[in-house]
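Structure record follows, encoded as structure tokens.
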Amino acid sequence: MFGKILIANRGEIALRIQRACRELGIATVAVHSTADSEAMHVRLADESVCIGPPAAKDSYLNIPAILSAASITGAEAIHPGYGFLSENARFAEMVEDHGMTFIGPSSSHISMMGDKIAAKEAMRTLGVPLVPGSDGAVPDLQTAEQVAGKIGYPVLIKAAAGGGGRGMKVARQAADLEEAFQTARAEARAAFGNDAVYIEKYLDRPRHIELQVLADNHGDVVHFGERDCSLQRRHQKLLEEAGSPAISPEERDRLGETATAALRKLGYRNAGTLEFLYQDGQFAFIEMNTRLQVEHPVTEMVCGIDLVREQIRLASGAHLGYGQRDITFTGHAIECRITAEDPRTFSPTPGRVTAYHAPGGLGVRVDSALYAGYFVPPYYDSMVAKLIVHAPTRQDAINRLRRALDEFAVVGIQTTIPLHQRIVDDPQFQSGEYTIHWLENFVAGL
Ligand code: MV4
């Protein structure tokens with residue numbers, strides 16, 4: 001096991017990783033920008049190194065500075081958290097070239113899944129169901145017309161280097177195809193320096209369901225069930241649940257078997273999440289994330305497992321030590337992402353937190369780096385807290401969430417807590433019958 005780990009991140013996820021390290025008896029190194037000198041992740045680390053000015057490109061994305069910090073402090077491994085360098089294959093490779101362990105998958109698997117066409121091709125070969133669409137990249141408009149004609153309209157043009165909703169264009173009918181195709185290409189070239197695009201049948205009312213997996217370095221792969229992440233606005237998730245209100249235990253088992261068999265054949269290592277669209281009782285793979293995700297706590301609560309501890313253990317070469325049968329699902333968990341934003345306009349609201357009180361009690365978890373007196377800087381993601389509740393049933397979890405949101409006090413800045421209170425009280429949310437489009441309409445109607 002490692003003696004010291006450098007955590008290449010900030011905010012709640014840096015604290016989350018420190019907590020796992022502390023319980024494993026591993027010393028922690030924090031890195032921070034000049035804007036984060038007073039941040040909680042710096043205060044709670046065993047050691048800290050300033051790696052640059054506020055802008056992320058000069059600090060949390062500054063690979064030479066982070067590698068230097070790791071070698072100066074004698075860190076044996078680097079945990080990237082989510083965002084920043086977590087899905088940068090070159091960074092993962094450089095960490096290993098410097099004789100340290102990257103806590104995550106191999107750089108080749110990060111590269112493969114970063115190319116959405118390669119990811120789909122790999123999954124198709126391994127028997128994972130996909131949305132009907134093109135076989136790989138669509139090089140020109142004529143090919144696009146052929147594919148769309150075959151699968152039928154509406155279709156979606158997606159960028160190979162995209163993901164998370166960037167660089168997508170819908171063509172509702174043949175007359176829309178040329179513009180959608182050319183715009184998608186141009187946007188992909190401008191945004192990613194890669195204009196490869198592919199085509200899928202556009203699903204008009206899917207749920208977004210993802211499956212959490214862990215793999216050791218010896219060929220064992222298990223899954224920890226699904227999360228329903230359909231409640232998002234402009235590709236930003238606001239609330240996630242485990243399990244999905246729409247999925248039966250049998251559907252979960254079947255999906256899990258297919259996905260773990262595929263990853264076993266791929267030789268995948270460490271944590272990963274497969275993203276699916278679910279509509280009319282069918283799952284279709286769209287993308288794979290090769291990192292720990294923001295919403296991992298809902299899985300931890302229903303499975304009773306520490307996913308970050310497992311990531312560290314597996315990266316050090318340990319065997320999983322348990323099988324699929326040992327993983328059980330208890331109760332229901334819901335996470336609210338609380339951001340420093342105006343709850344109506346969603347414009348960021350950085351500033352000083354003058355008073356802070358986090359909710360507590362049975363089945364309530366708050367992952368946050370906030371404290372009274374903290375200044376939320378304007379340079380980074382606006383998420384300031386995750387409120388996670390766990391209860392025996394979904395209805396109990398909703399009641400607990402309402403209670404915990406009422407207790408939560410963040411004074412001095414505006415947050416999205418009031419928006420979460422409206423969502424939780426909504427009959428449609430409570431019914432569990434929602435698609436990826438529901439929240440957008442809900443917010444528009446407020
Ligand atoms: C789709 C889709 C409908 N049909 N693919 C958006 C993010 C990216 N990960 C994939 N996305 C979508 N792909 C097909 N074939 C609709 C979306 C989509 C979406 C997906 C998940 C969560 C929220 C979403 C919001 C809008 C569109």
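The values are calculated or read from the model by the stated rules, or taken from the named source; none is laboratory data. This structure is a prediction, so every number in the text was calculated from the model and none was measured. Note that each Cβ is placed from the backbone with ideal geometry, even for glycine, and that neighbours are counted across all protein chains shown. To get the accessible areas, we keep the full protein, side chains included, count just its heavy atoms, and leave off ligands, DNA and RNA. Shrake-Rupley method; radii C 1.70, N 1.55, O 1.52, S 1.80 Å.
Regarding the stretch 154-170, can at least one residue be identified that is at pLDDT 95 or above, outside the structural domain of PRO249 (by TED's automatic domain parsing) and outside any strand (DSSP E or B)? Scanning the stretch 154-170 turns up at least one residue that is at pLDDT 95 or above, outside the structural domain of PRO249 (by TED's automatic domain parsing) and outside any strand (DSSP E or B). Which residues, taken from the stretch 101-116, are open to solvent by 30 Å² or more (accessible area, probe 1.4 Å) and within 15 Å of the ligand (Cβ to nearest atom)? Hits for the stretch 101-116 are GLY114, ASP115. Based on what the data block shows, is ARG90 more than 16 Å from the ligand (Cβ to nearest atom), open to solvent by 10 Å² or more (accessible area, probe 1.4 Å) and basic (Lys, Arg)? For ARG90, the condition - more than 16 Å from the ligand (Cβ to nearest atom), open to solvent by 10 Å² or more (accessible area, probe 1.4 Å) and basic (Lys, Arg) - is met.
Just checking: which of the helices (runs of 4 or more DSSP H) contained wholly in the stretch 341-446 hold 3 or more residues that are at pLDDT 95 or above and surrounded by 14 or more Cβ atoms within 10 Å (Cβ to Cβ)? In the stretch 341-446, the matching helices (runs of 4 or more DSSP H) lie at 394-407, 417-424, 438-444.
Of the candidates ALA118, ALA186, the single residue that is at pLDDT 95 or above and in a helix (DSSP H, G or I) is ALA118. For LYS201, the criteria (1) within 13 Å of the ligand (Cβ to nearest atom); (2) under 19 Å from the mean Cα position of the chain (by Cα); (3) open to solvent by 10 Å² or more (accessible area, probe 1.4 Å) hold in every case but one, which is (2).
If you go through the stretch 424-446 and pick out every residue that is of a type in the set (A, V, I, L, M), within 16 Å of the ligand (Cβ to nearest atom) and touching a residue at least 40 places away in the same chain (Cβ under 8 Å), you end up with 3. Regarding HIS208, is this residue near the ligand (Cβ under 9 Å from one of its atoms), in contact with a Ser or Thr (Cβ under 6 Å, 6 or more places away or on another chain) and closer than 18 Å to THR299 by Cα? In short, yes.
Pairs linking a residue in the stretch 176-202 that is on the phi > 0 side of the Ramachandran plot to a residue that is crowded, with 20+ Cβ neighbours inside 10 Å and part of a strand (DSSP E or B), with Cβ atoms under 8 Å and 6 or more positions apart or on different chains, are GLY193/ALA161. Looking across the stretch 155-198, the residues that are near the ligand (Cβ under 9 Å from one of its atoms) and crowded, with 16+ Cβ neighbours inside 10 Å come down to VAL155, LEU156, LYS158, GLY162, GLY163, MET168.
Could you please find all residues in the stretch 139-154 being within 13 Å of the ligand (Cβ to nearest atom) and either free of Cβ contacts under 8 Å to residues at least 12 places away in the same chain or not hydrophobic (A, V, I, L, M, F, W, C) (or both)? If the condition is that a residue be within 13 Å of the ligand (Cβ to nearest atom) and either free of Cβ contacts under 8 Å to residues at least 12 places away in the same chain or not hydrophobic (A, V, I, L, M, F, W, C) (or both), then GLY152, TYR153, PRO154 are the ones that fit. Within the stretch 245-254, is there a residue that is of a type in the set (Val, Ile, Thr), under 23 Å from the mean Cα position of the chain (by Cα) and either at pLDDT below 95 or farther than 30 Å from ILE327 by Cα (or both)? No - not one qualifying residue is present in the stretch 245-254. In the stretch 127-139, the condition of being farther than 30 Å from HIS218 by Cα and assigned to a helix (DSSP H, G or I) is met by no residue.
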